[in-house]
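Structure first, then comments.
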There are 2 protein chains.
Amino acid sequence: MSLLVTGTIGIDTVETPTGKVDGVLGGSAAYFAVAASLLAPVRLVGVVGDDLPPRFLEVFKNRSIDTAGLEIRRGAKTFQWHGKYLDDINERETLRTDLNVVGEAPPRIPDSFRDSRFLFLANTHPAIQRRFIGQLAGPRLVVCDTMNLWIDGFRDDLLQTLAAVHGVVLNDGEARMLAGEKNLVRAGRAILGLGPQFAVIKKGEHGAMLVTPDELFVLPAIPCADVVDPTGAGDSFAGGMMGYLAATGRTDVEAVKTGLAYGTCIASITIEGYSLDALRAAERQALDARLVQLRNLVKFE
Amino acid sequence: MSLLVTGTIGIDTVETPTGKVDGVLGGSAAYFAVAASLLAPVRLVGVVGDDLPPRFLEVFKNRSIDTAGLEIRRGAKTFQWHGKYLDDINERETLRTDLNVVGEAPPRIPDSFRDSRFLFLANTHPAIQRRFIGQLAGPRLVVCDTMNLWIDGFRDDLLQTLAAVHGVVLNDGEARMLAGEKNLVRAGRAILGLGPQFAVIKKGEHGAMLVTPDELFVLPAIPCADVVDPTGAGDSFAGGMMGYLAATGRTDVEAVKTGLAYGTCIASITIEGYSLDALRAAERQALDARLVQLRNLVKFE
């Protein structure tokens, strides 16, 4: 079934303990779309400035990604992010964020996309996320991401958005902050009390946990001896999860679990290269092989 | 097959965000022995002072724990530890450690225990660990724990011990410190280069990873909404693992994986009470039920 993603497409500068890339493709919707397109057709909604090098958009071509919702706004500048991973590559600091066009009027969902049944709202202002939901005719599954900025400063807006989605994907620190609760199980359950039917808590190198009213499900990350660049791991994780659900047309808990498994596998590919290098080079076959690897990783007699 | 454990039996004072217990039973060998005894008979070797309240030893009675190797040394004082868990209960600080009798001459392995085939050397000075190995007739599987104190200050001694064991169990911080490597997969593999055939890296609330020359195996911890006291989780984890191996008489990698699963389950019981309260109350049936829970926790279509 049709899968729509809204989020950022940006220009990243990334420093790691072993290297640096300057002015490369990034952004939540870019990672999500390429990841999800390994499993299902994707409709991309976002806005960039006319400073974005046209070659950056090549990554969406020759894939099942419909870019009819990608606006290139004249005279505007593209979202930029500069981050640095510390000696422990699981920790990072943001050195600079220039919202640019992302701080202006949001893009519109094209009429041809309004019948989308699966919707992923990557991290942005919760009021804008809500407006996107309202532009769809009748989505079957709406899942949003969020971040500390909105949890801290726009809580009322975020609560309204959480009441309007079926699921939420966020990292462990954000879950604790949103729920005001250190214990992750309790935090997850508190978040369900805000509206969503399920919460997916991403724990970086430690994997991810699914919390539903009746169940807990946990998967470790696939261990990686050579993490090149963790940027986009969380967004491609969400892409894998939503891609699997859209491909199967399912929204039941068992399907969400398998979605987490696909997300785990795709994230493990993303971190093996800078920017979208490893992700864009991956094929469905490699993803399926990694799913076998994940099954074996947690399998005991 | 016969399982022998050497380690501390101590008097703990533990503070958590929600409570405090003062002067309760603790120590690596106490947690290990009670945990392992759910699966296999255990031979306990350790030394305490004559200040240890006799009721503390009640925990070993009416279980398959042979205390012939437990020395009560006259005029000596028992090992004491005072720890405090922080607001995030996964972090703790040690407020005081009094080695007392543990800093004096180590206990001897009784003649009747010398034919033990499975040996677990809980954390102590690596030279003492090595002497224990030498006292056994021909152990089939020797596994040791260690800690930052020995990694940092007695590295040569520790390297000699690691060259003499089949497996090592240590936490993530210790693995990184021992290997001088931030990445856990690389750290585990570097540790294998020091001698052991396998390394089990404990990650607290995030579970545990098994590293062998050919394989990686990862299990999450069973999520717990009400962690009362994490003390002894790692030692009872090791007890569950070694108890399973001794009970089955196996030392192959698949058995070690199942051992990790049992260890994961027992640790999840231990943290539900202060000191050994929850662990000692557990029965084999409860452990088997938790194994089913763990299987379901990571199961996807």
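The values are calculated or read from the model by the stated rules, or taken from the named source; none is laboratory data. Not measured: the values here are computed from a predicted model. Here Cβ is always computed from backbone atoms with ideal geometry, including for glycine, and neighbour counts include all displayed protein chains. The protein model used for the area step is the full one, side chains on, heavy atoms only, and it has no ligands, DNA or RNA in it. Shrake-Rupley method; radii C 1.70, N 1.55, O 1.52, S 1.80 Å.
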Item to check | Answer from B:Val42, B:Val48 - the residue that is touching a helix residue (DSSP H, G or I) at 6+ places or on another chain (Cβ under 8 Å) and either closer than 21 Å to B:Met242 by Cβ or not aliphatic (A, V, I, L, M) (or both) | outcome: B:Val42
Checklist entry - Which of the residues belonging to region A:143-158 are open to solvent by 50 Å² or more (accessible area, probe 1.4 Å), assigned to a helix (DSSP H, G or I) and not small (Gly, Ala, Ser)? => result A:Asn148, A:Leu149, A:Asp152, A:Arg155, A:Asp156
Next on the checklist: Checking the structure you have, find out if any residue of region A:134-142 is part of a loop (DSSP other than H, G, I, E, B), among the small types (Gly, Ala, Ser), open to solvent by less than 30 Å² (accessible area, probe 1.4 Å) and modelled with pLDDT of 95 or more.
Outcome noted: no
Item to check | Single unsatisfied condition, B:Ala282 versus (1) over 24 Å from B:Gln80 (Cβ atoms); (2) within 14 Å of chain A (Cβ to nearest Cβ) | outcome: (2)
Next on the checklist: Which count do you get for residues in region B:99-133 that are part of a loop (DSSP other than H, G, I, E, B), of a type in the set (Gly, Ala, Ser) and surrounded by fewer than 22 Cβ atoms within 10 Å (Cβ to Cβ)?
Outcome noted: 1
Checklist entry - Restricting the search to region A:155-195, which residues are free of Cβ contacts under 8 Å to residues at least 12 places away in the same chain and touching a Lys or Arg at 6+ places or on another chain (Cβ under 8 Å)? => result A:Arg176, A:Lys182
Next on the checklist: Criterion first (outside any helix (DSSP H, G or I) and within 14 Å of chain B (Cβ to nearest Cβ)) does A:Lys299 satisfy it?
Outcome noted: yes
Next on the checklist: Suppose we keep only residues that are open to solvent by less than 30 Å² (accessible area, probe 1.4 Å) and not aromatic (Phe, Trp, Tyr) within region B:45-56. Which one would you say is nearest to B:Glu71 (Cα to Cα)?
Outcome noted: B:Val47
Checklist entry - Is it the case that A:Thr258 is more than 10 Å from every other protein chain (Cβ to nearest Cβ), among the hydroxyl-bearing types (Ser, Thr, Tyr), under 22 Å from A:Leu4 (Cα atoms) and under 19 Å from the mean Cα position of the chain (by Cα)? => result no
Checklist outcome for this item: Restricting region B:224-241 to residues that are touching a helix residue (DSSP H, G or I) at 6+ places or on another chain (Cβ under 7 Å) and of a type outside the set (Gly, Ala, Ser), the one nearest to the other protein chains (Cβ to nearest Cβ) turns out to be B:Cys224
Next on the checklist: Based on this model, can you work out whether B:Ala221 counts as touching a helix residue (DSSP H, G or I) at 6+ places or on another chain (Cβ under 6 Å) and modelled with pLDDT of 95 or more?
Outcome noted: yes
Checklist entry - List, please: which pairs have Cβ atoms under 9 Å, are six or more places apart or on different chains, and start with a residue in region B:97-123 that is without any contact (Cβ under 8 Å) to a residue 60 or more places away in the chain and farther than 14 Å from B:Glu71 by Cα and end with one that is buried (at least 22 other Cβ atoms within 10 Å of the Cβ) and among the basic types (Lys, Arg)? => result B:Ser112/B:Arg43
Checklist entry - Hey, among B:Ala175, B:Ala179, which residue is of a type outside the set (D, E, K, R), under 21 Å from B:Gly259 (Cα atoms) and within 13 Å of chain A (Cβ to nearest Cβ)? => result B:Ala175
Checklist entry - Hey, any hits in region B:144-151 for a residue that's away from chain A (no Cβ under 14 Å), modelled with pLDDT under 95 and in contact with a His (Cβ under 7 Å, 6 or more places away or on another chain)? => result yes
